[in-house]
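The values are calculated or read from the model by the stated rules, or taken from the named source; none is laboratory data. Nothing here was measured: the structure is a model prediction, and the numbers come from that model. Ideal geometry is used to build each Cβ from the backbone, glycine not excepted, and the neighbour counts take in all protein chains shown.
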Amino acid sequence: MLGYWSTLRPGKMVLWCYLIWYLVTVCFRFDANSALWLNSAGISGFIGIAFMLSVRDPTQGKLEPWQVFRLFAMPFCVSSFAALIKGQDYVLVVPMYLNELSWSAGLCAVFVLFVLCLKRLHKNRPLADS
């Protein structure tokens, strides 16, 4: 697993930070209303299928399982995030509550520093003799 983190590209680091931001928001703003989560799942299904149709190239073969997961997870996260923050004093996606903002930004910063440290360690690691 550390090998995965040490080779993470900037684009994927951003996606992981999005997930961290989303999870912190869910922790602070969780709503047990099943309609919110069912609607988000429905939107995820419709948009995920549309994404699959738009990116699938029959000449390239099947998509990787994680790619398919992301195509469905992203619309779920976006729709549930929007429902959770509605009327909650957010500007764009930024909470106006210092505690919540600190957790979101802080955990993203810790994650990025963790990945950068692993990259540096991985780069400086001596190669094994063959």
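Against the definition (aliphatic (A, V, I, L, M), closer than 24 Å to Leu107 by Cα, at pLDDT below 95 and part of a helix (DSSP H, G or I)), how does Leu8 come out, yes or no?
For Leu8, the condition - aliphatic (A, V, I, L, M), closer than 24 Å to Leu107 by Cα, at pLDDT below 95 and part of a helix (DSSP H, G or I) - is not met.
Picking from Ser54, Ser104, which residue would you name as being touching a residue at least 40 places away in the same chain (Cβ under 8 Å) and small (Gly, Ala, Ser)?
So the residue among Ser54, Ser104 that is touching a residue at least 40 places away in the same chain (Cβ under 8 Å) and small (Gly, Ala, Ser) is Ser104.
Where the second residue is crowded, with 16+ Cβ neighbours inside 10 Å and the first is within 11 Å of Phe51 (Cα to Cα) and lies in the range 66-81, which pairs have Cβ atoms under 7 Å and are six or more apart or on separate chains?
These pairs meet every condition: Leu71/Gly48; Leu71/Phe51; Phe72/Ser44; Phe72/Gly48; Pro75/Ile43; Pro75/Ser44; Pro75/Ile47; Pro75/Gly48.
Before we move on, is Cys17 buried (at least 16 other Cβ atoms within 10 Å of the Cβ) and closer than 30 Å to Leu116 by Cβ?
Yes; evaluated as a whole, the condition is true for this residue.
Could you identify the single residue in Ser104, Ser44 that is surrounded by 11 or more Cβ atoms within 10 Å (Cβ to Cβ), among the small types (Gly, Ala, Ser), in contact with a Phe, Trp or Tyr (Cβ under 6 Å, 6 or more places away or on another chain) and under 28 Å from His122 (Cβ atoms)?
Ser104
Would you check if Leu84 is more than 25 Å from Ser102 (Cβ to Cβ) and of a type in the set (A, V, I, L, M, F, W, C)?
No.
Need the failing condition index for Leu2 against (1) under 17 Å from the mean Cα position of the chain (by Cα); (2) in contact (Cβ under 8 Å) with a residue 60 or more places away in the chain; (3) under 23 Å from Leu118 (Cβ atoms), just the number.
Tallying (1) under 17 Å from the mean Cα position of the chain (by Cα); (2) in contact (Cβ under 8 Å) with a residue 60 or more places away in the chain; (3) under 23 Å from Leu118 (Cβ atoms), Leu2 fails exactly one: (1).
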